[in-house]
Amino acid sequence: MTSSLLDIPINSADGRQTTLEDFRGQVMLVVNVASKCGLTVQYAELEKLFEAKRDEGLVVLAFPANDFMGQEPGTEAEIVEFCTSTYDVQFPIFAKISVKGEGTHPLYRRLTALAPEAIGEGPMRDRLKGYGVEADNPIDVLWNFEKFLIGRDGNVAARFSPDVTADDRRLVAAVEKELARQG
């Protein structure tokens, strides 16, 4: 097992291998994203939050995933083009990964193990059940746009359900609390 969450290898959308260590000292909001989801409009609020707080040390990190009803079918280049042209996304976008199931990326295995419960859990899970979608494992990522907040110290500070938006007072308060900490 990797010694730190920040040491887990990840790939940027352009294929460069890196780790979250590049963002040590910043507050990270890690989000699994998809371009063809009903929640895709959250890109706009994520970008607004990023722009408002980046000078204080916030970075939003987008991890495209095609785990939920094929809602992220594009290539990395297509995903980046969509995000930048549709939502003027300026935050980093990484290579497509899996966030649930057998092929779950090690980053998401670690994130869900460290933060097994999401804030705001409930309405989204019930709504998905109405569509016949039920999570097999309660600690798995429920859907696209689930958010993990990582403090300046590299520890997971909070996890938010997919329907908790970037302008939700609970998420904003948690971000501001982490930004106020000196890692």
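Just a few scattered comments:
- Selected residue (only one of 80, 41 is of a type in the set (A, V, I, L, M, F, W, C), in contact with a strand residue (DSSP E or B) (Cβ under 8 Å, 6 or more places away or on another chain) and over 27 Å from residue 153 (Cα atoms)): 80
- Within the range 51-65, the residues that satisfy the criterion of being of a type in the set (A, V, I, L, M) and either assigned to a strand (DSSP E or B) or closer than 20 Å to residue 13 by Cβ (or both) are 58, 59, 60, 61, 62, 65.
- Residue among 166, 157 that is hydrophobic (A, V, I, L, M, F, W, C), touching a helix residue (DSSP H, G or I) at 6+ places or on another chain (Cβ under 9 Å) and over 18 Å from residue 112 (Cα atoms): 166
- Taking the listed residues 68, 23, the one that is surrounded by 13 or more Cβ atoms within 10 Å (Cβ to Cβ), out of contact with any Cys (no Cβ under 6 Å at 6 or more places or on another chain) and over 21 Å from residue 163 (Cα atoms) is 23, with no other qualifying.
- Listed conditions (1) of a type outside the set (Ser, Thr, Tyr); (2) crowded, with 18+ Cβ neighbours inside 10 Å; (3) modelled with pLDDT of 95 or more; (4) within 28 Å of residue 136 (Cβ to Cβ) are all met by residue 118, apart from (3).
- Among the criteria (1) in a helix (DSSP H, G or I); (2) under 18 Å from residue 37 (Cβ atoms); (3) of a type in the set (Lys, Arg), the one residue 109 does not fulfil is (2).
- Restricting attention to the range 120-138, the residues that are closer than 18 Å to residue 159 by Cβ and basic (Lys, Arg) total 1.
- Verdict on residue 125 being of a type in the set (Lys, Arg) and free of Cβ contacts under 8 Å to residues at least 40 places away in the same chain: yes
- Scanning the range 1-50 for residues that are farther than 21 Å from residue 140 by Cβ, part of a helix (DSSP H, G or I) and not hydroxyl-bearing (Ser, Thr, Tyr) yields 6, 7, 21, 22, 23, 44, 45, 46, 47, 48, 49, 50.
- Answer residue from the range 81-94, given it is out of contact with any Leu (no Cβ under 9 Å at 6 or more places or on another chain) and buried (at least 19 other Cβ atoms within 10 Å of the Cβ) and is farthest from residue 54 (Cα to Cα) among those: 82
- For residue 91: the one exception among (1) assigned to a loop (DSSP other than H, G, I, E, B); (2) more than 23 Å from residue 173 (Cβ to Cβ): (2)
- Selection within the range 1-32 - of a type in the set (Ser, Thr, Tyr) and in contact with an Asp or Glu (Cβ under 6 Å, 6 or more places away or on another chain): 19
Listed here are the residues, each with its yes/no results for (1) surrounded by 17 or more Cβ atoms within 10 Å (Cβ to Cβ); (2) within 11 Å of the chain's Cα centre (by Cα); (3) more than 13 Å from residue 58 (Cβ to Cβ).
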position	(1), (2), (3)
136	no, no, yes
146	yes, yes, yes
152	yes, no, no
164	yes, no, yes
167	no, no, yes
177	no, no, no
180	no, no, no
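The values are calculated or read from the model by the stated rules, or taken from the named source; none is laboratory data. This structure is a prediction, so every number in the text was calculated from the model and none was measured. For neighbour counting, all protein chains shown are included, and Cβ atoms are generated from backbone atoms with ideal geometry for every residue, glycine included.
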